[in-house]
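What follows is a short report on a single structure.
No lab work stands behind these numbers, since they all come straight from the coordinates. No experiment lies behind these values; they were computed from the predicted model shown. Cβ placement follows ideal geometry from the backbone for every residue including glycine, while neighbour counts extend to all protein chains displayed.
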Amino acid sequence: MQKALIALALVSQPPLAVEDPLYTKLSGDMVITGEDPSDPPPPDKYDRVGIFLEGKAAERLYRAMPQKPKNYCDVSLMKDSGTLACYKDQDGSYSCSVALLLKTGKSAHIGSC
């Protein structure tokens, strides 16, 4: 009986992310492609999954990055750390991108101006 009550208590609890201010709900997209999704290779040459975040999560990540922002493609400011890049656009919106290589799981660049 005690095990059943503990299990019920765990199941009825909202996810930690809902209650913990350190967590932010993710919003964004993903694509399976090559290095530049705007000019993708043929499907048999796709080598990475691109992950694109936007909204509050992207803003939190951008603000948390210690790098100084630099001009990116004359339309936004960018902070990057290795293959992770976050942007603050002229309209005040935020986005971030990173890719994972499908063969190794290592992070990689994705995107272009």
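Here are some residues: 57, 99. Which one is touching a Leu at 6+ places or on another chain (Cβ under 8 Å) and either over 21 Å from residue 23 (Cα atoms) or not polar (S, T, N, Q) (or both)?
Criteria check complete, one pass: 57.
Would you check which residues across the stretch 65-110 are more than 15 Å from the chain's Cα centre (by Cα), aliphatic (A, V, I, L, M) and closer than 19 Å to residue 40 by Cα and list them?
Answer for the stretch 65-110, where residues must be more than 15 Å from the chain's Cα centre (by Cα), aliphatic (A, V, I, L, M) and closer than 19 Å to residue 40 by Cα: just 102.
If you go through the stretch 68-95, how many residues are surrounded by 12 or more Cβ atoms within 10 Å (Cβ to Cβ) and either touching a Phe, Trp or Tyr at 6+ places or on another chain (Cβ under 7 Å) or more than 18 Å from residue 110 (Cβ to Cβ) (or both)?
Count: 12.
Among the residues of the stretch 77-113, write down those that are in a loop (DSSP other than H, G, I, E, B) and on the phi < 0 side of the Ramachandran plot.
Filtering the stretch 77-113 for residues in a loop (DSSP other than H, G, I, E, B) gives 82-83, 90-93, 102-106, 109-113.
Once the filter is applied, which keeps residues that are in a loop (DSSP other than H, G, I, E, B) and on the phi < 0 side of the Ramachandran plot, the stretch 77-113 yields 83, 90, 91, 93, 102, 103, 104, 106, 109, 110, 112, 113.
For residue 94, state whether it is in contact (Cβ under 8 Å) with a residue 40 or more places away in the chain, aromatic (Phe, Trp, Tyr) and closer than 28 Å to residue 21 by Cα.
yes
What tally of residues in the stretch 50-76 results from selecting those that are outside any strand (DSSP E or B) and farther than 14 Å from residue 94 by Cα?
Start the filter on the stretch 50-76 by keeping residues that are outside any strand (DSSP E or B), which leaves 55-69, 73-75.
Going one step further and asking which of them are farther than 14 Å from residue 94 by Cα, we end up with 66-68, 73-74.
So the answer is 5.
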